[in-house]
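Visitor: Structure below; questions to follow.
A short reminder: the numbers here are calculations on the coordinates, not readings from a lab. Note that this is a predicted model, so its numbers are computed, not measured. Note: ideal-geometry Cβ built from the backbone for every residue, glycine included; neighbour counts use all protein chains shown.
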Amino acid sequence: MALWRIRATVDDRPGYLSVLTASLALRGVNILTVQVHTTEVGAVDDFLVDAPEQITEADLRAAVERGRGRDCWVARSEARGLADEPTRVLGLAGRLLRDPEGPGAALRTLLGADAVTWRPTSTAAPGGVGGTTMLLADPAGGAYELRRREPSFTPAEYARAQALVELAATLDRRDTHRVTLVLPDGGEVSVRPATADDVPAVRELHVGCSERSRQRRYLSGAYPSPARLRRLLEPARGVTLLATAGSGGAAEPVVAMANLLGEGDEAEAALLVRDDWQRRGLGSALLRRLLGHAGRAGCAAVLLHVQAENTPMLRTLRRLDRPVTLDRDGGVLTATLPLTPAGRVGVPAGRGPGVVRPAWPGRDTAAGLPAQRPGQS
C-alpha cells in the first residue's frame with residue numbers, strides 16, 4: 001500500500017462527497033483522513049489515502065473524475081501526513097514558542113509553500129488568496145507572500161496561516177525588545193513590550209511624574225483615561241516599551257514608557273520618563289530602539305511632537321545623528337526623522353525562509369548616549 005494526498009473540488013450539494021469516496025473505494029483506495037474546505041466555487045476535499053501499490057497517479061485522477069470531482073491534484077505522501085491538521089498546527093505553534101524568529105519556515109511546513117517572502121508595505125496589507133498565491137498581513141508591519149505550484153490555496157488554509165503569523169508577531173513582540181539597558185551612570189533598567197495588564201503600573205508612572213513631565217508628553221497635564229492607556233499599551237500598529245527598575249519583575253515599578261504608533265507609512269513616537277530617571281540617557285536609549293523598530297517595520301519616517309521650550313528633548317534629537325526636520329505650529333514643534341533606505345530593512349531578519357534574526361543581546365549598553373535630561377515629547 002502507498003500513501004497519497006488528493007485534493008479535488010466537488011459541488012457543495014448533498015451526496016456529492018459520497019459519490020467521490022465511492023469511486024475511490026471501487027479501486028481499493030482507503031481514505032485515512034479528509035478535510036473539507038468551503039470555497040465560492042464548491043467544496044474542496046483534501047484526502048490522505050492508502051492505495052494499492054499498483055495504483056498510479058493517473059488512476060487516482062481518473063477515479064476522482066468519475067466521482068464528479070474536478071481540479072484534481074494528486075501527490076505522494078509520507079507517514080508524517082498521518083498526523084491530523086490540528087495536531088500539525090499545534091506542533092508548529094510549539095515550534096514558534098521555542099523559535100519566535102522562524103515564521104517563514106513554519107509557513108512553509110504548514111502549507112507546503114515553494115516560496116515565502118516578506119516585504120514591507122506602506123499601508124496595511126489586505127491579505128487574501130488568489131490561486132497559488134497567498135498574502136498574509138504581518139501585524140508587526142509588512143506582509144508575507146506565499147507561492148506554491150499546486151494545489152491552489154483555500155480560505156481555510158489562509159485562516160490557519162494568518163493565525164500562525166499573528167502568533168509569531170505576538171511572540172516576537174514579547175521577546176525582541178526584552179533587554180537590560182546599562183545607562184551611562186551605571187544604572188540598569190529592564191525594557192520589555194507593554195501589555196494591557198500593565199495599565200495599573202503605567203498609571204502609577206503617571207502619578208509619579210510631575211505635571212511638567214506630563215505636559216511635555218501629552219501637551220497637557222491631564223492624566224490619560226484607562227481606556228486610552230490600554231490603546232497606548234497595545235497599539236494596533238507599532239509597539240510600546242516599558243522600562244522597569246531592577247530585574248523587571250512584576251513588582252518592579254515602571255520608570256519610563258516609550259510609544260510608537262503607526263499610521264500609513266509613518267509612525268509617531270513619544271516618551272514619558274519619571275522625573276528621578278531623567279538626565280540619565282534613558283529617554284535617548286528608548287527613542288533609538290523605537291526608531292529601530294520603525295525601520296524594521298518599513299516606516300518611511302517617525303514624527304515627534306515637542307513643545308518649543310523642551311530644549312532637552314530637542315538636544316536629544318540633534319544627537320541622534322539623523323537628519324531632522326522641524327515644523328512649528330505655535331508653541332509645538334513637529335520633528336520628522338526620515339528613515340533612509342539604509343535604515344529600512346527590505347526583509348527584516350527572521351522574516352522569510354533561510355533568514356535568522358540576530359537575537360537582541362541580553363544586556364545592551366547605552367554608553368555614548370547623552371547623559372543629560374532626555375525630556376519627553
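Visitor: Working out 0.36 nm times the residue gap between T195 and A115, then minus their Cα-Cα distance, what length gain in nm do you get to one decimal?
Guide: Working it through step by step, the gained length comes to 25.5 nm.
Visitor: Right, next: Which log10 I(q)/I(0) values does the stretch 218-336 give at q = 0.14 Å⁻¹ under the Debye formula, counting every alpha carbon as one identical point scatterer?
Guide: Treating every Cα as an identical point scatterer, log10 I(q)/I(0) equals -0.62.
Visitor: Here's another thing I want to ask about it. Using the per-residue mean of other Cβ atoms lying within 10 Å as a proxy for protection, in what order, highest first, do the peptides 84-91, 324-331 fall?
Guide: Descending mean neighbour count gives 84-91, 324-331.
Visitor: Still on this structure, please answer the following. Which of the peptides 308-315, 134-141, 223-230 is most tightly packed, and how do the rest follow, judged by the mean count of other Cβ atoms within 10 Å per residue?
Guide: 134-141, 308-315, 223-230
Visitor: Another question about this same structure. What list do you get for T316, T180, T9 if you sort them by fewest beta carbons within 10 Å?
Guide: By the 10 Å Cβ count, ascending, the order reads T180, T9, T316.
Visitor: Limiting things to C-alpha atoms, what are the Rg and the maximum Cα-Cα separation (Dmax) for the stretch 2-82, in angstroms?
Guide: 11.6, 36
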